[in-house]
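Heads up: the structure comes next, in structure tokens.
The values are calculated or read from the model by the stated rules, or taken from the named source; none is laboratory data. Since this is a predicted model, take the numbers as computed values, not measurements. Here the Cβ positions follow ideal geometry from the backbone for every residue, glycine too, while neighbour counts run over all protein chains shown. The area values use the complete protein model at the heavy-atom level, side chains included, leaving out ligands, DNA and RNA. Shrake-Rupley method; radii C 1.70, N 1.55, O 1.52, S 1.80 Å.
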Amino acid sequence: MALTLRSSICVISKRETRVLKSVDDFSANKVSCSKSKPSFGHNKLITKSSMQETHFTTENNNSAVKKTNKWEKIHTPSVTHNHDADSNSVPVFVMLPLDTVTMGGHLNKARAMNASLMALKSAGVEGVMVDAWWGLVEKDGPMKYNWEAYVELVQMVQKHGLKLQIVMSFHQCGGNVGDSCSIPLPPWVLEEIKNNPELVYTDKLGRRNPEYISLGCDSVPVLAGRTPLQVYSDYMRSFRDRFTDYLGNVIIEIQVGLGPCGELRYPSYPETDGTWKFPGIGEFQCYDKYMRSSLEASAAAIGKKEWGTSGPHDSGQYNQYPEDTGFFKREGTWNTEYGDFFLDWYSSKLVEHGEKILVSAKSVFQTTGAKLSAKIAGIHWHYNARSHATELTAGYYNTRFHDGYLPIAQMLAKHGVILNFTCMEMKDREQPDHANCSPEGLVNQVRMATKIAGGELAGENALERYDSSAYGQVLSTSGLSAFTYLRINKRLLEGENWRQFVDFVLSMSDGGKHRLSEADSYGTDLYVGHIKGIKESDVIIEIALV
């Protein structure tokens with residue numbers, strides 16, 4: 001059935017606030033948007049995000065904890081990066097749906113996607129981001145790649161004058177926050193895992209996590225005769241060869257997946273089957289035979305064989321709190337010689353894993369003109385505890401006395417890789433007291449680490465947010481080279497949400513000069529004010545619904 005969408009988009013004003021339909025929101029009816037100027041007047045608009053409804057509290061005084069240790073100053077300062085003449089303008093990208101490409105290898109709802117890209121262009125965004133799923137592209141067998149749906153998408157993005165960030169997604173989709181579909185690893189890889197379950201991360205009770213191949217076997221030929229590192233490199237090389245004509249002009253950034261959710265971390269807080277729930281501390285993921293072998297060797301090398309027999313015995317369970325455990329409590333095992341040994345080994349293995357893949361990616365893409373980036377998780381709960389327990393189980397050796405992000409930032413900066421960090425939209429006062437959160441402190445620490453390392457910092461929001469408070473928090477973060485918004489969907493394109501998003505994009509373009517009022521930045525009552533009209537022309541989009 002065919003659908004005609006008439007919208008007044010044209011030349012596009014930075015303040016365009018037309019209500020446009022999302023990829024998932026086209027019905028089998030004709031939709032007509034008037035050519036007349038939008039008029040919203042001085043309306044009071046009430047918004048609540050889903051996050052506010054579930055986790056927000058009115059105040060959180062945890063962020064006021066005094067810092068007494070000299071090193072801890074890295075957590076709090078405001079950082080201003082040096083920029084060139086145009087760098088005050090921060091380009092905004094928008095993530096496309098996780099199922100942009102179907103399991104059958106086709107572009108999902110292509111005509112509706114075309115309309116959504118037009119809407120995003122009208123808002124003034126720089127471009128979009130999409131996952132290139134390993135489980136889709138190399139589904140039919142080792143080195144049998146199908147990029148055709150992505151070719152169609154890239155051409156569509158180019159047609160609208162947008163840019164593309166593309167993620168080399170070597171992880172499973174499904175089982176984490178925000179995962180709206182299921183895309184497993186390639187069937188032939190799952191068959192290898194079935195024959196050798198030790199290929200995936202494992203917790204102390206032997207529970208396997210199929211999200212991502214364990215870094216312990218990075219250099220072992222366990223995937224149909226190739227090592228995981230070779231498989232990732234071959235995949236990226238195939239991508240480069242297929243998209244040579246678009247790299248550096250349309251495809252301007254390659255985000256290299258380095259772990260679950262594409263992030264450089266261990267799968268320490270899996271939501272699958274209710275294993276973990278916020279704000280649990282998670283568990284160490286070092287119990288597959290490859291990780292255990294590495295731990296044994298490291299312990300033997302310093303004459304402490306007994307330290308290599310297992311991970312910490314007193315580190316608790318997924319949903320406990322730091323003070324419930326011997327390892328993570330205030331004066332726990334984390335702050336002993338053994339704790340330092342284990343945490344250094346666990347985190348160093350993660351950084352080494354990331355560097356090996358990024359060195360390979362650098363070799364593959366170095367002449368293309370496309371930038372490389374890597375994503376680091378924003379694990380903000382229990383940040384105010386001395387041990388930073390949740391960060392430790394994820395692989396970030398970050399405690400009251402040890403900076404876990406500087407080594408990562410230095411590694412990325414050494415290879416010219418952008419550090420992409422999440423939870424940019426969160427405020428300390430919005431978090432529940434019992435979770436001991438400080439997303440603002442965490443962002444500041446990562447920002448400082450990136451500055452010290454001489455690297456480049458980009459950001460994302462961790463959860464779906466549509467309110468001016470979240471946008472205002474992003475605007476207050478100085479030094480970003482780009483921001484990627486999570487994600488386009490029906491709710492974003494609803495009237496008041498769309499208007500605020502367009503206003504946010506304009507503010508980022510203006511370097512934060514154009515902002516909502518102070519009252520609105522906190523509020524539930526959001527004043528939008530008069531929206532200026534634009535010079536318009538008719539645009540007719542034919543959308544075929546299958």
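Values as computed for the structure displayed
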{"item": "Shape of the stretch 249-373, Cα gyration tensor, a/c cut at 1.5", "result": "oblate"}
{"item": "Mean projection area, nm², convex hull over Cα of the stretch 432-475", "result": "3.9 nm²"}
{"item": "Carbon + sulfur, % of accessible area of the stretch 122-261 - ligands and nucleic acids excluded, 1.4 Å", "result": "49 percent"}
{"item": "Order by protection proxy (mean Cβ within 10 Å, highest first), peptides 397-404, 297-304", "result": "397-404, 297-304"}
{"item": "Accessible surface, per residue, of the stretch 340-403 when the full set of protein chains is kept, probe 1.4 Å, Å²", "result": "26 Å²"}
{"item": "Portion, in percent, of the accessible area of the stretch 350-417 that falls on carbon or sulfur, probe 1.4 Å", "result": "50 percent"}
{"item": "Proximal charge balance of Ala458 [Cβ under 12 Å; K/R count +1, D/E count -1]", "result": "-1"}
{"item": "Rg over Rh [alpha-carbon atoms, Kirkwood Rh] for the stretch 90-195", "result": "1.01"}
{"item": "R0 of 41 Å, Cβ-Cβ distance Asn88-Gln158: FRET efficiency to nearest 0.05", "result": "0.90"}
{"item": "Surrounding net charge for Ile302, when Lys and Arg each add one and Asp and Glu each subtract one, Cβ distance under 13 Å", "result": "-3"}
{"item": "Peptides 109-119, 94-104 ordered by average Cβ neighbours within 10 Å, highest first", "result": "109-119, 94-104"}
{"item": "Förster radius 22 Å - calculated FRET efficiency between Asp344 and Lys289, Cβ distance, rounded to 0.05", "result": "0.55"}
{"item": "Charge tally in the Cβ shell below 14 Å around Cys217, where Lys, Arg are +1 and Asp, Glu are -1, Cys217 excluded", "result": "+1"}
